[in-house]
Amino acid sequence: MNRRFFVKYAGAAVGLLLLPLRAFGSRPESAFESESTGDALEKLFGSADLTETDRIKIKAPEIAENGAVVPITVNFDIENAESVSIIAENNPAPLAASFDLTPNSAGLVSTRIKMGKTSPIHAVIKAGDTIYHASREVKVTIGGCGG
C-alpha cells in the first residue's frame, strides 16, 4: 500500500465518522417541550416576530385521513437559510421538526409528522436576523397525537 492511497482513504474514513456529529447536533429540548407556538418560537429563535413570504411553499395533504403520519415537504428560495422548523399549531407540543442547515444546503426539507387534530402547519425559516414564515391548513380526520 502506498502512502497516498492510505492518506486519501484514511481521511475519508475519519470524515465519515465525524459526519454524524454534525448531522445529529444538539436538539432544542425546551422548544420541543413548549405548549404554544409563540413559546416554541421564542425558545428556538429568541423571537416570535415572523416575516410572511411567498418564497416558502408547503406541500401537505389538504385532508390527512390519519394524523399519525402526515407527509410535509417545504420548498424554499431563501438565501443563507440557517434552519427550517415545522410547527403544527394545535398539537399538544406544536414544534414537530427542526432542521439545522449547512451553507450550501438545497431549499428542500421533507418529513412526516404527527397531528392530533386539524391545524395550520407553519414552515419557519431563519436566515440571518430574519425569520420567514408560511402556513397551510391541514384537516385531520383521525388524530395521531393521542386524540
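Net charge near Ala64, counting Lys/Arg +1 and Asp/Glu -1 over other residues with Cβ under 14 Å of its Cβ?
+3
Other residues with beta-carbon under 12 Å from the beta-carbon of Gly38 carry, at +1 per Lys or Arg and -1 per Asp or Glu, a net charge of -4. Would you give the gap between the C-alpha center of the range 63-85 and the C-alpha center of the range 116-138, rounded to a whole Å? Using only Cα atoms to place each centre, the spacing works out to 8 Å.
Could you work out how much longer the chain between Lys139 and Asp77 gets when fully extended? Use 0.36 nm per residue separation minus the Cα distance between them, nm to one decimal.
19.7 nm
Projection of the Cα convex hull of the range 25-126, averaged over all directions and equal to a quarter of that hull's surface, yields 6.3 nm². Among Leu108, Leu41, a tally of other beta-carbon atoms within 10 Å of each Cβ gives an order, fewest to most, of Leu108, Leu41. Here's the picture: charge each Lys and Arg Cβ at +1 and each Asp and Glu Cβ at -1 in the range 28-140, and of Ala96, Val140, Val109 the one pushed furthest to the positive end of that dipole is Val140. Between amide H atoms placed 1.01 Å from N, distances below 5 Å from Val138 occur with Ser119, Ile121, all of them 5 or more places distant or on a separate chain. Placing pseudo-labels 7 Å out from each Cα toward the beta carbon at Glu62 and Asp100 gives an inter-label distance of 3.9 nm.
Laboratory data are not the source of any read-out in this text; all were calculated from the coordinates shown. Computed from a predicted structure; not experimentally measured. Because the Cβ atoms are built from the backbone with ideal geometry, glycine has one as well, and the counts that use them run over all protein chains shown.
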